[in-house]
Amino acid sequence: MIKTQLGILSFKELATMSFFSKYIAYSFIRHTSLRTVLIVPFVLQIFVAVGLTGYFSLRNGQKAVNDLAQQLQREVATRVDQHLDTYLALPHQFNQLNLDAIERGLLDLKNLKSDGRYFWKQSQVFPQISFVGYYLPDNAGAGAGRWLKGHDIVITVNSGGKSKDLSYAADNQGNMTKLVYETDYQATTDVWYVETVKAGKPIWSRIYAAEGFDNYVAASANSPIYDKQHQLLGVLSIDLLLSDISQFLQQIRVSASGQVFILERDGHLIASSHNQPIVFKKNDQLERYTIFNHPDPLMRSIAQGIHQKFPIRAIQSTQNFVFLMNGQRRYVQVAPWRDQFGLDWLIVVTMPESDFMAQINANTRTTILLCLSALAIATLLGILTAGWITRPILALNQVSKAIADGNWDQQVVTSPIRELDAVGQSFNQMATQLQSSFTALERINTELEDRVAERTQELSDKNTQLYTTLAQLHRTQTQMIQAEKMSALGQMVAGVAHEINNPVNFIYGNLFHVSTYTQDLMALVQVYQQHMLNPPPVIQEKIKQIDLYFLTEDLRNLLQSMQVGAERIREIVLSLRNFSRFDEAEFKAVDLHQGLNNTLLILRHRLEATAHRPEIQVIKDYGELPLVECYAGQMNQVFLNLFSNAIDALEESLSGKTWTEIECHPQIIRICTALNGGDRIKITIEDNGSGITEAVRSRIFDPFFTTKPVGKGTGLGLFLSYQIITEKHNGKLECDSTLKQGTKFCIEIPLQQRCN
């Protein structure tokens, strides 16, 4: 037992310590002075507080900067995304308006001057357009735009063939005045024209830089022009200058040194908030910079950082990362942007950490200096306080040693500290009463432990009983809910089948008369054609317009298809009515073969061949069965659950197999029915799927047990099927499965039921 004069740890605390903890505490107290015990924890607390304050100050500042930087990057990326959505949607909207104008005759593709004036007015109203116009297959075309340096809006016409593109200045009414520029240009061989014709739909052309114009880098929104017979008439095109996007990026305030740029998946720049141009000359040809060869070292560093983190072409969602450049951290966000016409770009937002951390670092340094000053002052005060406290305690310790040696005449010296003086006065009384107090405490502790053990056992028994009751209640509630669901489903299926049956019968009954009337009319037309060899031109034109021969053949096929479809609907309606058995709430003698066939008819869509597998074969080995007394609707539900599980097992077994492997091992569901012992029938449903393990097979009839992922099943299907067979029909439902070979379910029920 540790002596009580240590005065640091209570008896109860020591009793609850592990042996190792007791040893460490005892060794520390035994070999350390009281002055050290008082000073070290005090100073250590101050030191830890100072360290944690500085650490959390820096960490919280860093976290705040990270959150602020990411939030700012998201806002900038959102603004850029919205601007691109609006800015790049405009050309295709104008193309659609111009297509509508061509269709309504407002634009005459043969009147180039009038069309040039029309496009000149569009360019006046919408300054975002650099060029708008069209070219026909013979290279004739008309357009207008602001693409020519030194001029506002010019009108361009090409009369076709090998003629030149002639660009004219225009007056205030859009009339061509004088020729200001001419060039040889074959639009029909240019990439934008060829790609649009090949695509046959509105697209964006590849970004290009035009020779002879300063910084003319543009993307073309193109749309083919077709007549009513879908014959190509030409291609509409609208150019947008990418420098307009760069001007928008330069107006965005990211941070003091932040930048935004947009690039293609191959790394070529589209727009940038940087003042440097995105094109350069190489061998007298204009080329666009990529982020890998741009003269700006920051952009090259960002490109290297993106390439190290993830391939540019693989970025499908917003990515954030941090990299070091010249010893400084920089935040980078890469966000994809796409549109429905083929553009697939990346928006990159970057900003240095130094734009946010200057004031935070200054505040952190001030905080650390203040904490270190507080640590020094607290250490000095701790030393003085410890000396003042330890002197009377050391005197008390000497008296305690003397009493322990048997010298009971010792007196504790009076201390100026009131608490220590009270300790000295009560020291003698405490020594005499301590042993008796320990004895009484041990007895009370033993009694308390016995009472706690008894109470714990009682609570455990009650908890077990309550858990059993709750489980039973939950199972009963689940059965009631499922019964209500099945009843409502049966009512709905029966009602739908009844409502569909009448109109389907009406259609089916009248199809014969429609077919007869149609054949009579066709016969009349044929007789008329035989006796009217040269009908009037109006009738000949009408015959040619409606394609009478095709109409005759297709009408016959159409009536046959309608006949087949009506018969198919009647079969489905009859199967739904038989499957629901809504009017059979009591035991009734039924043909179980009919229930099996109706269930298979309802599941026919799952048995048919798909793009991933051939048709699932169903082999019926039906024996001679009499009518069986049962709940018909509930038995149909059992069949539906077992067939659905078999189909699921077969589809899961196809995972990882090729089409050839699947064809070599066809998927089969085998159904066998037979009498068993004269008074019972046996139904076997077997599949050649992947099978199940013994651990799963032993639990498949447990409520809520399922191996399907979330959302694919609740685990109640086989549980309720088991209850329907065993409790409702006094039968047996068993499962036998071999891994990688298949699963077999066996149902046995008596021919006649005994009503309880």
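The values are calculated or read from the model by the stated rules, or taken from the named source; none is laboratory data. Just so you know, these numbers come straight off a predicted model, no measurement behind them. Ideal geometry is used to build each Cβ from the backbone, glycine not excepted, and the neighbour counts take in all protein chains shown. We work out accessible area using only protein heavy atoms, side chains counted, and drop any ligands, DNA or RNA first. Shrake-Rupley method; radii C 1.70, N 1.55, O 1.52, S 1.80 Å.
Mind listing just one residue for me: the one in the stretch 301-324 that is under 18 Å from Ser257 (Cα atoms) and surrounded by fewer than 16 Cβ atoms within 10 Å (Cβ to Cβ) and, of those, farthest from the chain's Cα centre (by Cα)? Across the stretch 301-324, the extreme among qualifying residues is Leu324.
Kindly evaluate Gly305 against the criterion of being closer than 15 Å to Ile207 by Cα and either modelled with pLDDT of 85 or more or not polar (S, T, N, Q) (or both). Break it down stepwise before answering.
Working: closer than 15 Å to Ile207 by Cα: no; either modelled with pLDDT of 85 or more or not polar (S, T, N, Q) (or both): yes.
Spelling it out, it is not the case that Gly305 is closer than 15 Å to Ile207 by Cα and either modelled with pLDDT of 85 or more or not polar (S, T, N, Q) (or both).
Tallying residues that are under 37 Å from the mean Cα position of the chain (by Cα) and surrounded by fewer than 16 Cβ atoms within 10 Å (Cβ to Cβ) within the stretch 739-756 yields 3. Residues that are more than 50 Å from the chain's Cα centre (by Cα) and open to solvent by 10 Å² or more (accessible area, probe 1.4 Å) within the stretch 148-159 comprise Gly150, His151, Val157, Ser159, listed in sequence order. Considering only the stretch 161-179, state which residues are open to solvent by less than 80 Å² (accessible area, probe 1.4 Å) and out of contact with any Leu (no Cβ under 7 Å at 6 or more places or on another chain). Result: Gly161, Ser163, Asp165, Ala169, Ala170, Asp171, Gly174, Asn175, Met176.
How about the stretch 92-119: which of its residues are open to solvent by 20 Å² or more (accessible area, probe 1.4 Å), outside any loop (DSSP other than H, G, I, E, B) and among the hydrophobic types (A, V, I, L, M, F, W, C)?
So the first thing to find is which residues in the stretch 92-119 are open to solvent by 20 Å² or more (accessible area, probe 1.4 Å), and the list is 93, 96-97, 99-100, 102-106, 108-114, 117-118.
Restricting the remaining residues to those that are outside any loop (DSSP other than H, G, I, E, B) gives 93, 96-97, 99-100, 102-104, 112-114, 117-118.
Selection gives Leu97, Leu99, Ile102, Leu112.
Residues in the stretch 638-648: is at least one loosely packed, with under 12 Cβ neighbours inside 10 Å and assigned to a helix (DSSP H, G or I)? No, the stretch 638-648 has no match at all. Within the stretch 671-682, if we keep just the residues that are open to solvent by 60 Å² or more (accessible area, probe 1.4 Å) and part of a loop (DSSP other than H, G, I, E, B), the residue that is farthest from Leu751 (Cα to Cα) turns out to be Gly677.
All conditions but one from (1) at pLDDT 90 or above; (2) open to solvent by 20 Å² or more (accessible area, probe 1.4 Å); (3) small (Gly, Ala, Ser) apply to Ala695; the one that does not is (1).
Regarding Ile393, is this residue in a helix (DSSP H, G or I) and either modelled with pLDDT of 75 or more or open to solvent by 40 Å² or more (accessible area, probe 1.4 Å) (or both)?
Details: in a helix (DSSP H, G or I): yes; either modelled with pLDDT of 75 or more or open to solvent by 40 Å² or more (accessible area, probe 1.4 Å) (or both): yes.
Taking the combined requirement at face value, the residue satisfies it.
Mind checking which residues of the stretch 224-247 are without any contact (Cβ under 8 Å) to a residue 12 or more places away in the chain and part of a strand (DSSP E or B)? Correct list: Tyr226 only. Contact map, the stretch 64-92: first residue more than 29 Å from Ile203 (Cα to Cα) and of a type in the set (Ser, Thr, Tyr), second residue open to solvent by 10 Å² or more (accessible area, probe 1.4 Å) and assigned to a helix (DSSP H, G or I), Cβ cut-off under 9 Å, separation 6 or more or different chains; the map is empty.
Can you find a residue in the stretch 616-635 that is in contact (Cβ under 8 Å) with a residue 24 or more places away in the chain, assigned to a loop (DSSP other than H, G, I, E, B), within 20 Å of Ile747 (Cα to Cα) and aromatic (Phe, Trp, Tyr)? Reasoning before the result, please.
Initially, the stretch 616-635 is screened for residues in contact (Cβ under 8 Å) with a residue 24 or more places away in the chain, giving 616-635.
Those still in the list that are assigned to a loop (DSSP other than H, G, I, E, B) too: 616, 622-627, 631.
Still in the running and within 20 Å of Ile747 (Cα to Cα): 622-627, 631.
Pick out the ones that are also aromatic (Phe, Trp, Tyr) and you get 622, 631.
Yes; the residues of the stretch 616-635 include at least one that is in contact (Cβ under 8 Å) with a residue 24 or more places away in the chain, assigned to a loop (DSSP other than H, G, I, E, B), within 20 Å of Ile747 (Cα to Cα) and aromatic (Phe, Trp, Tyr).
Scanning the stretch 123-143 for residues that are over 42 Å from the mean Cα position of the chain (by Cα) and more than 13 Å from Ser237 (Cβ to Cβ) turns up Ser123, Gln124, Val125, Pro137, Asp138, Asn139, Ala140. Ile685 satisfies every condition listed in (1) at pLDDT below 90; (2) surrounded by 19 or more Cβ atoms within 10 Å (Cβ to Cβ); (3) within 29 Å of Ala609 (Cα to Cα) except (1).
Scan the stretch 331-338 and tell me whether some residue there is open to solvent by 20 Å² or more (accessible area, probe 1.4 Å) and within 29 Å of Pro202 (Cα to Cα). Yes, there is a match, as at least one residue in the stretch 331-338 is open to solvent by 20 Å² or more (accessible area, probe 1.4 Å) and within 29 Å of Pro202 (Cα to Cα).
Selection of the stretch 110-129 for residues being closer than 15 Å to Gln93 by Cα and among the small types (Gly, Ala, Ser) yields only Ser123. Looking only at residues in the stretch 721-756 that are among the small types (Gly, Ala, Ser) and over 16 Å from Phe587 (Cα atoms), the one that is modelled with the lowest pLDDT is Ser721.
Within the stretch 144-159, track down each residue that is within 21 Å of Gly234 (Cα to Cα) and either in a strand (DSSP E or B) or modelled with pLDDT under 90 (or both).
As a first pass, look at the stretch 144-159 and keep what is within 21 Å of Gly234 (Cα to Cα): 144-145, 155-159.
Result: Ala144, Gly145, Ile155, Thr156, Val157, Asn158.
Yes or no: the stretch 133-147 includes at least one residue that is open to solvent by 50 Å² or more (accessible area, probe 1.4 Å), in contact (Cβ under 8 Å) with a residue 12 or more places away in the chain and touching a Phe, Trp or Tyr at 6+ places or on another chain (Cβ under 7 Å). No, the stretch 133-147 contains no residue that is open to solvent by 50 Å² or more (accessible area, probe 1.4 Å), in contact (Cβ under 8 Å) with a residue 12 or more places away in the chain and touching a Phe, Trp or Tyr at 6+ places or on another chain (Cβ under 7 Å). Of all residue pairs spaced 6 or more apart or on separate chains, those with beta-carbon atoms under 9 Å, a first member in the stretch 187-215 that is in a helix (DSSP H, G or I) and at pLDDT 90 or above and a second member that is acidic (Asp, Glu) and loosely packed, with under 15 Cβ neighbours inside 10 Å are Thr188/Asp138. Of all residue pairs spaced 6 or more apart or on separate chains, none has beta-carbon atoms under 9 Å together with a first member in the stretch 519-537 that is at pLDDT below 75 and a second member that is open to solvent by 100 Å² or more (accessible area, probe 1.4 Å).
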